[in-house]
Amino acid sequence: MKSIDNMPKTYDPKGTEDRIYENWMSKGYFHAKVNPDKKPFTIVIPPPNITGQLHMGHALDNTLQDVIIRFKRMQGYETLWLPGTDHASIATEAKIVDKMASEGLRKEDVTREQFLERAWAWRREYGGRIVSQLKKLGSSCDWERERFTMDEGLSEAVTEVFLRLYEKGLIYKGERITNWCPRCNTSLSDIEVIYEEQEGHFWYINYPFEDGTGSLMIATTRPETLLGDVAVAVNPEDEKYKPLVGKNLILPLVGRKIPVIADEYVELGFGTGAVKITPAHDPNDFNVGQRHGLEIIPIMDSKGFINGNGGKYSGLDRFEARKQIVKDLEAEGLLVKTEPHRHNVGTCQRCGTTVEPFVSSQWYVKMKPLAEPAIEAVRKGDTAFVPQRFENIYFNWMENIQDWCISRQLWWGHRIPAYYCNKCGRIIVAKEAPEACPDCGSDDIYQDPDTLDTWFSSALWPFSTLGWPRRTPELSYFYPTDVLVTGYDIIFFWVARMIFSGIEQMGEVPFRKVLIHGLVRDELGRKMSKSLGNGIDPLEIIKDYGTDALRYSLISGNSPGNDQRFLTSKVEFARNFGNKLWNATRFALMNFDENPDFSRLDKSKYTAEDRWILSNLNYVIKEVTDNMERYELGVALTKITDFTWDLFCDWYIELVKPRLFDTANSTRLECQYVLNQVLVTVLKLLHPFMPFITEEIYGNLYKDCESIMISAWPAYDPELNDPAAEKSLGTVIDAIKAIRNIRTEMNVPNSNRTEVIFAAEGEVASVIGKSSGAIQRLGYASSITVTADTGEAPKDSASAIIPGVKIYIPLRQLIDIDKELARLTRELDNINGELSRVRGKLSNEGFISKAPEKLVLQEKEKEAKFEALRLETLKRIDDIKALMNS
RNA sequence: GGAGGCGUAGCUCAGCUGGUCAGAGCGUUCGGUUCACAUCCGAAAGGUCGAGGGUUCGAACCCCCCCGUCUCCACCA
């Protein structure tokens, strides 16, 4: 049975992809082992959240990784792509809380243990969803090594790191002002706050002096914080206010006596020049307060309601309180005016709620000592970003880094390994709860209720997943990893933190390269988002077009670091391309002998087109390999496509048909061999990008070969480069194009075969002669004649002149002289244009003397070529004109 | 207030270290039932590479400035 029987006219990914993926899995191709005989190549996956569903961002990110890992696997590396998921403390906790809300329960209604049981149940139920979606993408992850950030081992790593950093004094607990989300009811790190511009107001308020000598006007965007004011600050250089410093004001609505203080934080000339100071609810005010030893009066609880310090406003929501306070100030005549004011408001990255700066006791990582070596490592190039410009973003952030607030008032996550003695207050940081307080001996000890920022555990991902803190063989073999692939939106959250964690814990950067990609946007260039409802589901695309088409569309035309739009037309193109390759294979198989005996192959019988296609294929191998090594995957894919579709399908296969159709042809076997050779090479080059269809085709082509994914990456072989064949085929192709062009312009229908006469000599004549069968076929010619150049054109013929050859098509009554003249005149214009450009260069002394010799020579050759063409074309035009006049 | 990206055919975008770089796909127009493929084949039209200046023998590519646009960081009450 011929393999072609398994190949319908159109490739259908349905069913095929799952079957192939299961086969790969069952063969264990994805599994990596410690193998001293091979060089390792490692990628750790950016672990998707267990709350996540596959979106286009994941699809792009993981396709990139899969392309790279498949490429490296074929190159012979021991490749590990280590997968896993992230517990995503805040996101998952929010999901659980939501789910409980639907049951009419609040978080407070259950115990911590009950809550965690729900969370684990949730993880069991949904945590695998994203994993199975990644498999649909074709991801060749080593699933045997799948990890979860709250696995026992990874949790152990978290505790270990916490302990180590604590012992080095790099983790501390402090009473500070932090960003707080009243809805999530937890502290946030600086980067979890998203600033967005909102319409707000400037309220101008008079604060009366204690001594009754008038009042001082301040401006604020958050009047409710007035309840916590402890001072009003002015710039020490402000002449207007200098005399007032030291005097006391009466805080409106509250009646508290507060001083006027001088502090440089107040900017001269902005607003009223006087700033109310609320250390408990504003980071800048907090700093001012610290400098001046001011009291901190918190006026809100953790959920954003005014607390007992707020007097009659106590119990009101912060925004309610704002309204009420403005109203009351107005009533007391202290509100001077209200102005509209656009300003940035911090919102919670997770839920969008306005963040409230809040003084609380939190755990922090001291960043400066960790950041320095991390900056240095990237400067030295131990880790390089692709594209490099992202290093600036990294440096900028790392150099100005603030301490990292790592404690969260959440339950789902790694609980902070700190214990407190209830009796003496001693803090004990340890792996296990101590039996008794080392200071006072009390056994009344409790663990810190807080958990760690999710990113604290993700920061350890490149080594915790490999077994750290144990010195496993995997760790020493696969670490440091080779490339990390992620979006630019996650550089601060994750990449930077992995770098300093890797250096600190492992003494070595976690990865050599960071490949940064952009966002996948919708057709209009908008960010895909839930609220806009413009997201495109990758799984839908896979259903409609197949995984390969999706992958292709995400990689082609994409360059590192840049956003891209998702266009359905691209997916269609990709599907069509797969189909093209599919059919090229069908063609090959149809024209192969049952069991071709390639041992009888005689390479000396290769024709020009054989050598030509092999030569070009060879260049493609080199270029594609180079591009892929540099992570220019989009460029690589384009080159494979162009070669396959244009050179291979449209030219080589067409040129070679006469040889294949003639079973007696003496070079038929060679042709079959080359066809097969090119095809399988293209399949291999393409496999990382389109793994399924290439595997399916490969299976049809080679019944006895195991799998393309474990085959060897094509090698560049300089021996195959054949400039002579390239030149010959260049002439043949140009000739065919010229003939087609003439025929189209003259409106000659395909059914009307015409005679074609070539006037050429020597080498060129021989080339044309040898390819006459193909030219006849592709040029719709009734016959091909090669003659010596007499300078005379056959009667009533259209003509084209290409270097070394004149082509005549006697059209008899079909000839339209006017059209022919117009065509030739246009041709002449082009030639003249080229000629003047070349001559311009050559007449430039600077060019002659300074440009590389080779280039000058090239231009001179060009001049000669175009001059010859010009003369010939001119002559043709004259001939035609003469014809018209006769 | 800092930093950066983008602005190339109607649309979406490639163009690495300056010298066939003016390209691709889609779309458009015209023509095709060629025995692999209409998810196809052939032919064509379309751009002074945002504007201006500079460096250079030579610039879409380097420098300056401007315009438009997007993003990140900082965050002035």
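Accessible surface of A:THR667 in the full protein assembly, 1.4 angstrom probe, to the nearest 10 Å²?
It works out to around 20 Å².
With unit charges on the beta carbons (Lys and Arg positive, Asp and Glu negative) and the dipole taken about the Cα centre of the stretch A:547-640, which residue among A:ASN579, A:GLY557, A:TYR631 sits farthest to the positive side?
A:GLY557
Can you tell me the dipole magnitude for the stretch A:496-621 around its Cα centre, using point charges on the Cβ only (Lys, Arg +1; Asp, Glu -1), in Debye to the nearest 20?
Rounded to the nearest 20 debye, it is 400 debye.
By per-residue mean of other Cβ atoms within 10 Å, what is the highest-first order of A:762-770, A:441-449, A:797-805, A:406-414?
Highest-to-lowest ranking by the protection proxy: A:406-414, A:797-805, A:762-770, A:441-449.
Can you give the charge dipole size of the stretch A:63-212 about its Cα centre, rounded to the nearest 20 debye, using +1 on the beta carbon of Lys and Arg and -1 on the beta carbon of Asp and Glu? Before the final figure, lay out the partial values.
Values: 21 positive and 27 negative charges, 179 e Å.
Using Cβ point charges on Lys, Arg, Asp and Glu, the stretch A:63-212 gives about 860 debye.
Please report the projected area of the stretch A:421-541's Cα convex hull averaged over all directions, in nm².
Mean projected area of the Cα convex hull: 12.5 nm².
For the stretch A:355-414, what relative contact order do you get, as a whole percent, if you take Cα pairs closer than 8 Å and at least 6 residues apart?
Answer for the stretch A:355-414 is 54 percent.
Treating only the Cα positions of the stretch A:325-366 as identical point scatterers, give the base-10 log of I(q)/I(0) from the Debye formula at each q in 0.14, 0.21 Å⁻¹.
Result of the Debye calculation: -0.66, -0.90.
Suppose the chain between A:ASN885 and A:ASP829 were pulled fully straight at 0.36 nm per residue; how much longer would it get relative to their current alpha carbon spacing?
17.9 nm
Relative contact order, percent, of the stretch A:505-561 when contacts are C-alpha pairs under 8 Å separated by at least 6 residues? All intermediate terms of the calculation are to be shown ahead of the outcome.
Working: 27 pairs, mean separation 20.1, N = 57.
Relative contact order for the stretch A:505-561 comes out at 35 percent.
Using the C-alpha atoms of the stretch A:544-664, what convex hull volume per residue, in cubic angstrom, is computed?
Spelled out: Cα convex hull of the stretch A:544-664, divided by residues, is 134 Å³.
Grab the Cα-Cα distance for A:ARG512 and A:ARG470, subtract it from 0.36 nm times how many residues apart they are, and report the gain in nm with one decimal.
12.9 nm
Over the Cα atoms of chain A, Rg to Rh with Kirkwood Rh, two decimal places?
1.12
Measure nothing fancy, just the Cα-based angle from helix A:633-642's long axis to the longest principal axis of chain A, in degrees from 0 to 90, nearest 10.
Roughly 20 degrees, rounded to the nearest 10.
Compute the distance from the alpha-carbon center of the stretch A:618-659 to that of the stretch A:163-229, in whole Å.
60
Given a cut-off of under 8 Å on Cα pairs at least six residues apart, what relative contact order in percent is computed for chain A?
12
Among A:ALA496, A:LEU460, A:ILE541, which residue has its Cα positioned farthest towards the positive end of the charge dipole of chain A, with +1 placed on the Cβ of Lys and Arg, -1 on the Cβ of Asp and Glu, and the dipole taken about the Cα centre?
Projecting each Cα onto the dipole axis, the largest value belongs to A:ILE541.
Measure nothing fancy, just the Cα-based angle from helix A:56-74's long axis to the longest principal axis of chain A, in degrees from 0 to 90, nearest 10.
60
Relative to the longest principal axis of the C-alpha atoms of chain A, give the angle of the C-alpha long axis of helix A:390-399, reported between 0 and 90° and rounded to the nearest 10°.
Tilt of helix A:390-399: around 20 degrees.
Across the Cα atoms of the stretch A:287-344, what radius of gyration and what greatest pairwise Cα-Cα distance (Dmax) are found, in Å?
Both quantities, over Cα of the stretch A:287-344: 14.1, 35 Å.
Mean residue ellipticity at 222 nm from the helices of chain A, using -39,500 (n - 2.57) per DSSP H segment of n ≥ 4 over the full residue count, to the nearest 500 deg cm²/dmol?
On the way: 28 runs with 371 residues, N = 886.
Here the helix-only value at 222 nm equals -13500 deg cm²/dmol.
Give, in nm to one decimal, the length gained when the segment between A:ILE427 and A:ALA712 is fully stretched (0.36 nm per residue of separation minus the Cα-Cα distance).
Length gained between A:ILE427 and A:ALA712: 96.8 nm.
Would you be so kind as to identify which of A:GLY15, A:MET74, A:GLN53 lies farthest towards the positive end of the dipole of the stretch A:1-112, taking Lys and Arg as +1 and Asp and Glu as -1 on Cβ and the Cα centre as origin?
A:MET74
Along Cα→Cβ, 7 Å out, is where each label goes; now give me the distance between the ones at A:ASP544 and A:SER215 in nm to one decimal.
The two pseudo-label positions are separated by 6.3 nm.
How high is the FRET efficiency between A:GLU320 and A:ASP563 when r is their beta carbon distance and R₀ equals 41 Å, given to the nearest 0.05?
Efficiency computed from Cβ-Cβ geometry: 0.50.
Could you give me D for the stretch A:658-816, from Stokes-Einstein at 10 °C and 1.306 mPa s, where the hydrodynamic radius is the Kirkwood radius over C-alpha pairs? Units µm² s⁻¹, please.
Once the numbers are plugged in, D ends up at 86 µm²/s.
Can you pull the one-decimal nm distance between simple spin-label points at A:LYS27 and A:LYS727, each 7 Å off the Cα toward Cβ?
4.5
If you line up the Cα atoms of the stretch A:282-430 on their principal axes, what length do they span on each, largest first, in Å?
65, 50, 36
Return the distance in nm (one decimal) between the two label points of a simple spin-label model at A:GLU295 and A:GLU152, each offset 7 Å from Cα along Cα→Cβ.
The modelled label-to-label distance comes out at 5.4 nm.
Throw me the Rg/Rh for the stretch A:697-742, computed over C-alpha atoms with Kirkwood Rh, two decimals.
The Rg/Rh ratio comes out at 1.27.
Considering the zone a paramagnetic label at A:VAL856 would reach in this model (a point 7 Å from Cα along the Cα-to-Cβ line), which residues of the stretch A:825-842 have amide N under 20 Å from it?
A:836-842
Assign unit charges at the C-beta atoms only (+1 for Lys and Arg, -1 for Asp and Glu), then state the dipole size of chain A relative to its Cα centre in Debye, rounded to the nearest 20.
Details: 109 positive and 127 negative charges, 254 e Å.
Using Cβ point charges on Lys, Arg, Asp and Glu, chain A gives about 1220 debye.
For A:LYS703, give me every one of the lysines with a C-alpha distance below 20 angstrom, ignoring sequence neighbours fewer than eight places off in its own chain.
Result set, ordered by chain and number: A:LYS2, A:LYS9, A:LYS27, A:LYS684.
The values are calculated or read from the model by the stated rules, or taken from the named source; none is laboratory data. The model shown is predicted, which means the values in this text are computed figures rather than measured ones. Cβ: placed from backbone, ideal geometry, glycine included. Neighbour counts: every protein chain shown. To get the accessible areas, we keep the full protein, side chains included, count just its heavy atoms, and leave off ligands, DNA and RNA. Shrake-Rupley method; radii C 1.70, N 1.55, O 1.52, S 1.80 Å.
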